[in-house]
Structure formats: structure tokens, C-alpha cells
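J.: Here's a structure for you.
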């Protein structure tokens, strides 16, 4: 849930490295479909596809594909 908060409120943190590290942490987790649905974190990640940092965009696409 902490990761979701960081991802949801990325405009408050204004820290691309923090956002990127949070996405990397999420990538390393083995999350079930049920967990993704319950937390709605997939929607949060999906919203970051148009982030201004290309590195974050690429990581988000990788997360969505997996």
C-alpha cells in the first residue's frame, strides 16, 4: 500500500528516482491477480504510462506486460 501511495501521489513527491525505485520494488514482488484487483494498483501503474520520464515509461510498460 505504501508503494501505491507513492505512485498515486507522484506529483507530491516530484522525485523520479523515488518513483522509479517504487516501481522496481513492485516489479520484484510476486503479486497475485486477486491482490492486484483488491489494491487497484494496476490502475495506478497504468496511469504512469504517460509520465514525462522515458525510463519510468519503459518500466511501466514492462510491468503491464508481465
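No lab work stands behind these numbers, since they all come straight from the coordinates. Owing to the predicted nature of the structure, the values given are computational and were not obtained by experimental measurement. Counting neighbours? That spans all protein chains shown, and the Cβs are built from the backbone with ideal geometry, glycine included.
J.: Would you please put 39-46, 52-59 in order of how densely packed they are, using the mean number of other Cβ atoms within 10 angstrom per residue and starting with the highest?
T.: 39-46, 52-59
J.: Relative to the first principal axis of the alpha-carbon coordinates of the chain, what is the inclination of helix 54-65, with its axis defined by its Cα atoms, in degrees from 0 to 90 and to the nearest 10?
T.: Rounded to the nearest ten degrees, it is 10.
J.: Under 8 Å for C-alpha pairs, at least 6 residues apart: give me the relative contact order for the range 2-65, rounded to a whole percent.
T.: After rounding, I find 34 percent.
J.: Taking the simple approach of a point 7 Å from Cα along Cα-to-Cβ for both residue 18 and residue 66, what is their distance in nm?
T.: 2.4
J.: As a test of understanding, state the convex hull volume per residue of the chain from its alpha carbons, in Å³.
T.: It comes to 75 Å³ per residue, whole-number rounded.
J.: Moving on. On a 0 to 90° scale, report how tilted helix 16-28 is relative to the longest principal axis of the chain, with both axes built from alpha carbons and the result rounded to the nearest 10.
T.: 20
J.: For the chain, what is the mean residue ellipticity at 222 nm derived from helices alone (per DSSP H run of n ≥ 4: -39500 (n - 2.57); sum divided by total residues; nearest 500 deg cm²/dmol)?
T.: Mean residue ellipticity, 222 nm, calculated: -20000 deg cm²/dmol.
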